[in-house]
1. Checking the condition touching a Ser or Thr at 6+ places or on another chain (Cβ under 9 Å), surrounded by 12 or more Cβ atoms within 10 Å (Cβ to Cβ) and in a helix (DSSP H, G or I), which residue from V70, V100 passes?
2. Mind checking which pairs have a first residue in region 10-37 that is more than 13 Å from F64 (Cβ to Cβ) and a second that is hydrophobic (A, V, I, L, M, F, W, C), Cβ under 7 Å, 6 or more apart or different chains?
3. Give region 20-38 a look and list any residue that's surrounded by 13 or more Cβ atoms within 10 Å (Cβ to Cβ) and charged (D, E, K, R), or say none.
4. Taking A50, is it surrounded by 14 or more Cβ atoms within 10 Å (Cβ to Cβ) and assigned to a loop (DSSP other than H, G, I, E, B)?
5. Go through the residues of region 7-18 one by one and say whether even a single one is at pLDDT 95 or above and more than 9 Å from the chain's Cα centre (by Cα).
Amino acid sequence: MMWAVIYLNEKEFAMRIINLREQKGVSARDMSLSIGQNPGYINNIETGKALPSLTGFFYICDYFGITPAVFFDDSTNDPIIIDRIVDNLKKLNRNQLEHVEAIIKDIIG
C-alpha cells in the first residue's frame, strides 16, 4: 500500500476546520461542546492560538464523519457530502451504478 503524506500549515489546517464546520452549519462553540471540550476550543484552533492533540484531531474528524485522510485532502470541496454519496452508491446494483455514472458524465460534460 502506498501512503501519501500531505502537510498543511497551521493556517490551512484552521481554514479546513472552518470550512468543514460551516458546511455542517454549526458554530465553533457548539462543535467544541459536542466533542466534549470547553466552549472556546475550536475557536482557539481556528484563530491559530492552539492546535489539537492527536486524540483531539481524531475527535474532530469523527465529528465531521470523515477520515484523517479525507481531512487532509483539500482537493475535495465538500467531503462530508461526498462521503454520504459514496455510502449510498455502495447500496446500488450494477445497473443503477451505470445510470448514476451516465448522469455524472452528463453533468460534468
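The values are calculated or read from the model by the stated rules, or taken from the named source; none is laboratory data. Here the structure is a predicted model, which is why all the values come from computation and not from measurement. All Cβ positions, even for glycine, are placed from backbone atoms using ideal geometry, and neighbour counts span all protein chains on display.
1. Just one listed residue meets the conditions, V70.
2. E10/L51; A14/I45; A28/I42; S32/I42
3. Scanning region 20-38 gives R21, K24, R29, D30.
4. yes
5. Checked region 7-18: at least one residue is at pLDDT 95 or above and more than 9 Å from the chain's Cα centre (by Cα).
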